[in-house]
Amino acid sequence: MNDEEIIARQARKIENLERRVADLERAKNEARLHIYGIGGPLNDNKLRYSREQMATFFRISECLDL
């Protein structure tokens, strides 16, 4: 494999990885909206999650921030 082929292969891999990161960022943001059930301009817990459920969702949300 010559240098041009290696560079082309790396460029394709980088492009695929950048696309994957963008997709994961969108999915992360959507997941956060589902977790908190935003019902207006503020987090109003419109889905009426219990305190324990909200604590679990908060921990999940913290993991999404990585």
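Details
- Ala11 passes every criterion in (1) at pLDDT below 90; (2) surrounded by 10 or more Cβ atoms within 10 Å (Cβ to Cβ) apart from (1).
- Whenever a residue of the stretch 43-60 is hydrophobic (A, V, I, L, M, F, W, C), its partners that are surrounded by 11 or more Cβ atoms within 10 Å (Cβ to Cβ) and at pLDDT below 85, lying with C-beta atoms within less than 6 angstrom and at least six residues away or across chains, give the pairs Leu47/Gly37; Phe57/Ile35.
- Residues being farther than 27 Å from Val21 by Cα, of a type in the set (S, T, N, Q) and modelled with pLDDT of 85 or more - total across the stretch 41-66: 2
The values are calculated or read from the model by the stated rules, or taken from the named source; none is laboratory data. All values reported here derive from a predicted model rather than from experimental measurement. No Cβ is skipped: glycine too gets one built from the backbone with ideal geometry, and neighbour counts run over all protein chains shown.
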